[in-house]
Amino acid sequence: MDQLHIITHPLIKAKLTRMRDRRTSSQEFRALLREITLLMGYEITRDLPTKLVSVETPVCRGEFPTLQDDFFTIVPILRAGLGMVDGLLELMPFAHVGHIGLVRDERTHEPEEYYYKMPEGYERSIIMVVDPMLATGGSAADAISSLKRRGCTDIRLVNLVAAPQGVEKIRKTHPDVDIYVAALDEGLDEHAYIVPGLGDAGDRIFGTR
Ligand code: PRP
Ligand code: URA
């Protein structure tokens, strides 16, 4: 199976088009990001194993499927990844949340880690690293390396928009990590911004510049 999963639902496409529009407000941008992440969550979790449990319905007792393991850790890459947490938590309210702070150097485009905080026992959980933008792939690759160094083995990467360069970087550095995206764009500009992309996701979420 290919490592890259492009989720092409019409509702996701329409919402993403609204997000790309430069006139879309921060308020609407955040709401759309939450909604798209929730819809993507359905696909990201499609292969989760289930087990049978015994349940008594109002009619009779029977064996019914439930999740085999419900220990998930959602790991947003700060800042922009924060915009994807609520959508996944709505789908999986029992999930835990850890944070990795990374910022790209404006000149070299290399990421630098400034924060790392995880919930107890997270190394044994299914981890979903979330960040709207996979541009050069440096930030996501670093975040995944940080998690692996601490013993994590089951990691999925969830992005809204990816550039082919970012996908290639993850393919090379982390061939075991599945990548879920809503769109694969054309490439990067001279500032390593995704083209056509949607601009600076963190700035658009938080109204900064
Ligand atoms: C953005 C974005 C990703 C990263 C993608 O974050 O949210 O984390 O850049 O670029 P890359 O694939 O080339 O590493 P940024 O460093 O701008 O920080 P911010 O979220 O705090 O704005
Ligand atoms: N970070 C962003 O927020 N947007 C891009 O297009 C690239 C990196």
Count the lysine pairs in the chain whose Cα atoms lie under 30 Å apart, taking only pairs 8 or more positions apart in sequence or on different chains.
-> 9
Sketch the reach of a paramagnetic label on R171 as a point 7 Å from Cα along Cα-to-Cβ, and name the residues of region 124-150 whose backbone nitrogen lies under 17 Å away.
-> 134-138, 141
Per residue value of the accessible surface for the chain (all protein chains in place, 1.4 Å probe), Å² = 53 Å²
Shape descriptors of region 1-145 over alpha-carbon atoms, Rg and Dmax in angstrom, are 17.9, 66
Pull up the DSSP beta bridges for the chain and report the antiparallel fraction as a percent, rounded to 5.
-> 40 percent
With contacts defined as alpha carbon pairs under 8 Å and 6 or more residues apart, what's the relative contact order of the chain in percent?
-> 22 percent
Per-q log10 I(q)/I(0), region 33-91, q = 0.16 Å⁻¹ (Debye; single scatterer per alpha-carbon; no solvent) | -0.64
Tell me, in nm to one decimal, what length is gained between R107 and S54 on full extension, where the rule is 0.36 nm per residue of separation less the Cα-Cα distance?
-> 13.3 nm
Once you wrap a convex hull around the alpha carbon atoms of region 2-58, what is its projected area averaged over all directions, in nm²?
-> 7.0 nm²
Working from the pairwise distances between different alpha carbons, so that the mean of 1/r is found and then inverted, what is region 60-209's Kirkwood radius in Å?
-> 16.0 Å
Quote to one decimal, in nm, the extra length available between A14 and L67 on full extension: 0.36 nm per residue of separation minus the C-alpha distance between them.
-> 16.0 nm
Given 0.36 nm per residue, what is the gain on full extension from Y114 to E90 after removing their alpha carbon distance, in nm?
-> 5.9 nm
Of the DSSP H helices in the chain, those whose Cα atoms cover at least 24 Å axially and whose Kyte score averages -0.5 or more | 26-44
So, counting K/R as plus one and D/E as minus one, what does the shell of residues with Cβ under 13 Å around G166 add up to?
-> -1
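The values are calculated or read from the model by the stated rules, or taken from the named source; none is laboratory data. Bear in mind that the values here come from a model prediction, so they are computed numbers and not experimental data. Virtual Cβ from ideal backbone geometry, glycine too; neighbours counted across all protein chains shown. The area values use the complete protein model at the heavy-atom level, side chains included, leaving out ligands, DNA and RNA. Shrake-Rupley method; radii C 1.70, N 1.55, O 1.52, S 1.80 Å.
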